[in-house]
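Below is one structure, written out as structure tokens; the observations come after it.
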Amino acid sequence: MRTENNNMKLPPVWIYKIVVAIRNRLRKMYYAFVPANVAVFEMAQHFWVSKSLGVVCELDIAEIIGSGTKHIDEIAKESSVDPASLYRLLRALASEGVFKEVQDHVFSNTKKSASLIPGEGSMKYMIQHQLNTDNWAVVNELKYSVTTGKSAVQKLFGEGIFEHIGKDPEKNALYNKAMINTSDLTGQAILGAYNFSGIRHLVDVGGGKGKLIASIIAKYPQMEATLLDLPHVVADAEKLFEEFGVAKRVKVEAGSFFDIMPNGGDAYIMKNILHNFDDESSVELMKRIRKHIHTDGRLLIAEMVIPEGNTPFYGKMFDLQMLLGTDGSKERTRKEFADIFSQAGFKLTRVVDLVSPFSIIEGHPV
Ligand SMILES: C[S@@+](CC[C@H](N)C(=O)[O-])C[C@H]1O[C@@H](n2cnc3c(N)ncnc32)[C@H](O)[C@@H]1O
């Protein structure tokens, strides 16, 4: 039976916050010290790191290097690419601590490049999804979205991202694996920081293939759960629940959360859902939950909470992805969450920070 990976040990939230604050201060000092034109030009080069990560994922370079060391000729042969060009790519990434040149033209993995190897805690598929497929073309439409306030996805594909992905089995498979990667990124952090005890029936609304809910109910053996997502996503979700040994306690419902909503949960969790929708649709969705939730139930939103002002925060960058996605989709501040909660009949009671840029935003029916 499968459990969470114990190698993904997390520090306490307070230590994480101190380290993030130190990192932000040092970065600010550095950019204040170098000439401003050097600083902005250097910032503008970050896209090379992003795209290079996308390419090494697509070429399976981290898997090819594996746990030992390999000469560039061997790596290039196994990935069917030009050795001299691949060398330049790996040299560039090694300067960022992704791969290491241990001897002349010989590379090994580092902790960072090893996290591109598929498995628990890997980010490979999320990086591929963001950097190699349709999304790269979507990113190129940032100016369109900023100019018009409209979705670049609609402009390029003439339909919403979930409809678009759902029509192509290859894109659907990559997207679902990408979502499992992001669940791994935050799943342990959620389990570590949020106390789910007392919940008898947890409903994961838009829960993807069910990785998060499987990890939660594996830790809380009295809990039952329902997973709701679109039919093409949950088609083979049972397999994962069997792997986690929780299949008997999970019900899977296939359909749109705008048409169906499982009844009788005393907690409803939505991770990375509301940011895909404008306020109106988000309120509509939460109102649907409000109709079905126990009066003493909890609404749990796992998302990033954007800090006010100039505080550096990863979510402020990821919010640009949301700007491109759907008309009105966005990352929200605490006040924006409180507003949509109240419009849907919930009171925002607390925000639980995690060892990650995500938080659990907790609400109760009023
Ligand atoms: C960003 S993903 C988040 C998945 C999962 N909660 C996680 O964090 O890993 C959004 C999920 O919402 C699902 N979804 C989108 N529109 C939906 C709808 N109308 N009804 C049900 N699920 C939907 C997608 O299929 C996808 O699994």
Conditions: (1) aliphatic (A, V, I, L, M); (2) within 13 Å of the ligand (Cβ to nearest atom); (3) open to solvent by less than 60 Å² (accessible area, probe 1.4 Å). L131 meets all but one. Number of the miss? (2)
Filter the range 53-73 down to residues that are open to solvent by less than 80 Å² (accessible area, probe 1.4 Å) and in a strand (DSSP E or B) and give me whichever is nearest to K111 (Cα to Cα). K70
Which numbered condition K271 misses (of (1) in contact (Cβ under 8 Å) with a residue 40 or more places away in the chain; (2) open to solvent by 60 Å² or more (accessible area, probe 1.4 Å); (3) among the basic types (K, R); (4) within 16 Å of the ligand (Cβ to nearest atom)): (2)
Would you point out the residue of the range 185-211, among those that are within 13 Å of the ligand (Cβ to nearest atom) and open to solvent by 10 Å² or more (accessible area, probe 1.4 Å), that is farthest from V252 (Cα to Cα)? L185
Name the residue that is nearest to the ligand (Cβ to nearest atom), counting only residues in the range 217-232 that are open to solvent by less than 10 Å² (accessible area, probe 1.4 Å) and hydrophobic (A, V, I, L, M, F, W, C). L228
Residues that are without any contact (Cβ under 8 Å) to a residue 12 or more places away in the chain, at least 1 per element: which strands (runs of 3 or more DSSP E) completely within the range 287-366 meet that? none
When you check A76 against the structure, is it part of a helix (DSSP H, G or I), in the same structural domain as A62 (by TED's automatic domain parsing), of a type in the set (A, V, I, L, M, F, W, C) and over 24 Å from S183 (Cα atoms), yes or no? yes
Total residues in the range 288-330, condition open to solvent by less than 10 Å² (accessible area, probe 1.4 Å) and out of contact with any Ser or Thr (no Cβ under 9 Å at 6 or more places or on another chain): 5
Go through (1) closer than 30 Å to V355 by Cβ; (2) small (G, A, S); (3) within 13 Å of the ligand (Cβ to nearest atom) for G166 and report which single condition fails. (1)
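Of the residues that make up the range 164-182, is at least one touching a Lys or Arg at 6+ places or on another chain (Cβ under 6 Å) and either touching a residue at least 24 places away in the same chain (Cβ under 8 Å) or in the same structural domain as G297 (by TED's automatic domain parsing) (or both)? Working first, answer last.
Of the residues in the range 164-182, the ones touching a Lys or Arg at 6+ places or on another chain (Cβ under 6 Å) are 165, 176, 180.
Filter once more, keeping what is either touching a residue at least 24 places away in the same chain (Cβ under 8 Å) or in the same structural domain as G297 (by TED's automatic domain parsing) (or both): 176, 180.
Yes, the conditions are met somewhere in the range 164-182.
Can you tell me how many residues in the range 308-325 are of a type outside the set (F, W, Y) and out of contact with any helix residue (DSSP H, G or I) (no Cβ under 6 Å at 6 or more places or on another chain)? Quick ask: steps written out before the conclusion?
Kept after step one, since they are of a type outside the set (F, W, Y), are these residues of the range 308-325: 308-312, 315-317, 319-325.
Checking the rest, the ones that are also out of contact with any helix residue (DSSP H, G or I) (no Cβ under 6 Å at 6 or more places or on another chain) come to 308-311, 315-317, 319-321.
Of the residues in the range 308-325, 10 are of a type outside the set (F, W, Y) and out of contact with any helix residue (DSSP H, G or I) (no Cβ under 6 Å at 6 or more places or on another chain).
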Considering residues that are among the hydroxyl-bearing types (S, T, Y) and within 16 Å of the ligand (Cβ to nearest atom), the number found within the range 276-313 is 2
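For L354, state whether it is under 30 Å from R27 (Cβ atoms), among the aliphatic types (A, V, I, L, M) and at pLDDT below 95.
On the way: under 30 Å from R27 (Cβ atoms): yes; among the aliphatic types (A, V, I, L, M): yes; at pLDDT below 95: yes.
Yes: the conditions hold for L354.
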Top-ranked residue in the range 134-162 [being open to solvent by 50 Å² or more (accessible area, probe 1.4 Å) and under 19 Å from the mean Cα position of the chain (by Cα); ranked as nearest to the ligand (Cβ to nearest atom)]: F162
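The values are calculated or read from the model by the stated rules, or taken from the named source; none is laboratory data. Values in this document were obtained by computation on a predicted structure and should not be read as measured data. Please note: Cβ atoms are built from the backbone with ideal geometry, for glycine as well, and neighbour counts cover all protein chains shown. Heads up: the accessible areas ignore ligands, DNA and RNA and are worked out on the full protein's heavy atoms, side chains in. Shrake-Rupley method; radii C 1.70, N 1.55, O 1.52, S 1.80 Å.
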